[in-house]
Each structure stands twice: as structure tokens, then as C-alpha cells.
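The structure appears below as C-alpha cells.
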């Protein structure tokens, strides 16, 4: 899995760090990238401050195939992502002609097109626009950095519109094995099994179902045969410990807010 | 606000980066730290891999007053946080006697205490335990790093138990000003106002209420008089643009999953 393209997400916004707003973009991006065979390796949340954003953009773009940013592309003074990305790349910030044209067309006849709204047409010089079918003001791509809106419905529309710009790799396949066997009971056996099936990533997550502790084992691999062999070994282990494991494709309904 | 203590969160877990699990600890930590007057400045999500965890712990602990980690302290092979934090500090990993005693007492007579469960008593040498009133296996503190569980109910219990170890600063006070004036309409006026009231952090967030675009302006400052002056200026600005602003303490009910 090491040769697959990689990605990171930079979430820009004081509202996340204050606890006012619950991020909803990370999980959406994770699933979207998973479907393309791109490994989502890191996420960071930083405040609306130039030095923080510039440093994070540069750290992440040097390390990952793709970097996505969310937030900070609206019309107000706290929306500084475009300037910061330009600074990170050492490029001038320009008023992108096509972005300006789209905003002018969108607001034509309303009397609403002021300088603040036109700022949403600013991009680093050389950026390629990312369409915004929800509210017109575009995102943009510069190099390997994709600048998206923070509002989830807009972020999702932007992201699903740029799939053809992203080169994926082998898709990771997932199985979940649910059982009532507690983690601590199978952990010693699972440790050896994880070594034997080193090509399969095995995660163990406690779950609380109908008031009882149960466990979800999540197995992930690009190789279907290797994945099935590991699933078989896990189910044999759990049966040997008195469990009655259930195997599901993907995560089944086991996704929850808990992690161990 | 620059002299206040700062904090960062390191979320450890493949299950967050795969999109299987929605993190719920960041927002809880944000609100908890806010109440103590500690500035929450950064969050990172990294996979269950030693090199990634060690590098992130060291980057964050050098930079912030406090670092909190969540995840990776269970009994299974993918729970490697304690080892990684020990490595980050250059300390040996030991079996903490008091942690071992608690686990032995918890599992006494059940026949369930195996090596995997005892691993949950491992800490860097010199760590101070963090109580786990939910499921016994403790977290720990070493230096300025606080290692917490990933399961939200356990994380929350651990965090609220260590408030007396955290030195806070002036608490940031918050007002929200809601109106139906779109961001782009007040943005030019707000820009100047944000400069005049530089001691007040002003965030602007679109909201969608009952099918209509509205906006929440969030004003934050430690100085109550400065905050009130900025709130007054914002409401005057919005009224001048035909709005009928409503001022709420804190975030009111404006917290949502959207950010601009």
C-alpha cells in the first residue's frame, strides 16, 4: 500500500477550534478518497491566522500527493485562505478573470456585487478553478493543493467535481467482524495473527450495542485473497474463544463515535 | 490573548482517517479548554503508526503548553500510544505499579486478566496516572502530554478529572449576532470594524435557517467591555444595512456543521 497516492486535509477555522462547529468534511473526504484508492494520511485543524495556515500548507504539500483545504474562502475579513495559499507557494494573488466573470454573471442586476464579494475571485496566479454549483464562488487548485469551501454541501459538490484531476491507486477493501468477545480476551491471539497477515491492516474497536460490550474488528487490504484469509483466521480465533462472529462488507452498521 | 496557556489535540486512529468513525472528542475538548481559559490552537489526526505518532507528539509538545492525545490505549496490537509517547520523550516504557494494581483489582476473580489487558498498565517511566472511572484502565500524564482514551465517554471522564492539573488564563467570552444580512453585504463594513476592534476576534459564518440564508457573527474577547463595544458596533452596522440583528450569549443555537 506504500506506493499509492496519499492525501492530507487542512481544516481552517477558529469555529472548529472553539467547539462551535463540528467538522463534517473530514469523514466525507475520507470516504471519497477511499473510493479512489488514495490513502488519507493526516488531517490538521488550524486557526484563521496567516502564519499558521502558510506553515501547514507548506508542510503538508511537501509530504503528500494531494492536499485539500476547507474553510476561509468566503467574502469576510476572516476568510484568508486564498492569500495564505498564494504566500505558501510564493505566488502573487490575482483576481482570476474567469472567477470574476462567474461572480459578475451571478450577481448581474442585483446591485449586490461589491468589493467584498469580488474578493472571492482572488486566487494565486496560475490557479485552476474548482466549480461551485451551489453558490457560484469557486474554489481553486494550485499545484497539488485543492482549496475547497467549508460549508459541507458546497465542499462536497466541489470535491465530487474534481475526481478526474485525482490519480488513484489500488482501492482498499474492508471487512468488519463483529462479536461479543471483549478486546482484552482476543488481543493476545490477534497480535500473532496481525503479524502473520502483515499485508492486512487490522483495527480493533470496542462498541456498545444494546448495553453490552461488543467488538468490531476492521480488516483492510488491497488484496482480496489476503483480506479473506485474514477474515477467516479472525473468525476462527473468535470462535475458539466462544464467540459467534458476524462478517460484514465494509463497516456494516458498526461505525460509531467510539474509538479505542 | 497571547500570554494565555495554549493546547493542541492529537487524535490517533486509522478509524478516523478511514471515515469509519466520526471524531467527537475535539469539540468536547474545545469547550472544556475554553472554560478554563486555555487557547486550543491546533488539532492533528494521524494513523496508528509509530513514526507518525512520535513525530506529532514531539512537534506539538514543543510548541504548546498542553498536548492531549486520544486513542490507542486499549489492549490490542493497534494500541501503541503509550510506547510511542515513551519513545517521543526518550523514556523507557514500564509497567506502572499502581495501574497494574488497579487492573488486578478490577479483574480479580474473573480469570480474565491476561498479558494483553496488563499492557494497559504500561506507561513511560515517571508518568502520573489519569483516572478512568468508566472502565478502570488509566490514562497518564508525562510532562505536558496527557494521554486519554478515544472512547468519548471515557475520554470525557478522564479529562474532567484532571482540571486541577491545568493552569488556565483569562476566559474568552463569546457573543453571537444573528441576522438575515448576507455575508457579502456587510463584509466591507465589517472589515474596517474588525480593525477598529482588533482585541476582539470576529468570525462570520453563513447559516441556513428555515431555507433562508442568514449569518452568524461570532465575537470573542477576554475583555467584556471591549466585547460589548464590538457587539454594539456590529449591530449598528447590520441595522444600517436593513438587518434586524439578534444578540445571543455564547453561540446560542447557531452552532451547526457549516463553516465559511
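No value in this document is a laboratory result; all are computed from the given coordinates. None of these values were measured; they are calculated from a predicted model. Every residue, glycine as well, gets a Cβ built from its backbone with ideal geometry; the counts of neighbours run over all protein chains shown.
Find the relative contact order for chain B and round it to a whole percent, using C-alpha pairs within less than 8 Å whose residues are 6+ positions apart. With pairs under 8 Å counted, the relative contact order is 17 percent. Take A:63-75, B:183-195 and order them by the average number of nearby Cβ atoms within 10 Å per residue, most first; the result is A:63-75, B:183-195. Taking a ≥ b ≥ c as the square roots of the Cα gyration tensor eigenvalues, with a/c under 1.5 meaning rounded and otherwise prolate when a/b beats b/c, else oblate, which class fits chain A? Prolate shape, in that a/c is at least 1.5 and a/b is the bigger ratio. Scanning chain A for the beta carbon that comes closest to the axis linking it by rotation to B yields A:44, 3, distance in whole angstrom. Taking the DSSP beta bridges with both ends in chain B, the antiparallel portion is around 65 percent. Who wins for biggest fluctuation among A:78, A:164, A:23 in a Gaussian network model of chain A, springs between alpha carbons below 10 Å? Among A:78, A:164, A:23, the largest mean-square fluctuation in the Gaussian network model of chain A belongs to A:164. Inter-chain neighbour count for B:196-205: the average number of beta-carbon atoms from partner chains within 10 Å of each residue's beta-carbon is 4.
Averaging the Cα positions of each part gives two centres, and for segment B:76-106 and segment B:140-198 these lie 31 Å apart. The packing ranking of peptides A:34-41, B:213-220, B:98-105, highest mean first, is B:213-220, A:34-41, B:98-105, where packing means the average number of other beta carbon atoms within 10 angstrom of each residue. Once the Cα atoms are used to define both axes, helix A:50-63 deviates from the longest principal axis of chain A by about 50 degrees. Counting only DSSP beta bridges with both residues in the protein assembly as shown, the antiparallel share comes to about 65 percent.
Here residue A:222 yields copy-to-copy label distances, from shortest upward, of 5.0 nm, the label point defined as 7 Å from Cα along Cα to C-beta. With neighbour counts taken as other beta-carbon atoms within 10 Å, the residues A:11, A:94 rank, fewest first, as A:94, A:11. In the calculated pair-distance distribution of the protein assembly as shown, the portion above 39 angstrom amounts to 28 percent of the Cα-Cα pairs.
With its label point put 7 Å out from Cα toward Cβ, residue A:164 sits 6.4 nm from the same residue's point in the other copies, in order from shortest. Inter-copy label distances at residue B:106, shortest first and taken from points set 7 Å along Cα to Cβ: 5.2 nm.
The mean number of Cβ atoms from other chains found within 10 Å of a Cβ in peptide B:113-120 is 4, as a whole number. Compared with the dominant Cα axis of chain A, that is its longest principal axis, helix A:97-107 is turned about 90°.
Cα extents for segment A:173-249 along the principal axes, largest to smallest and rounded to whole angstrom: 35, 23, 16. Ranked by the mean number of other Cβ atoms within 10 Å per residue, highest first, peptides B:52-59, A:137-144 order as A:137-144, B:52-59. Look at the stretch B:180-192: the mean tally of other chain Cβ atoms within 10 Å of its residues' Cβ atoms is 5. Among B:9, B:159, the ranking by other beta carbons within 10 Å of each residue's beta carbon, starting with the fewest, stands as B:159, B:9.
How far is helix B:224-240 tilted off the main Cα axis of chain B, in degrees rounded to 10, range 0 to 90? For helix B:224-240, the angle is close to 50 degrees.
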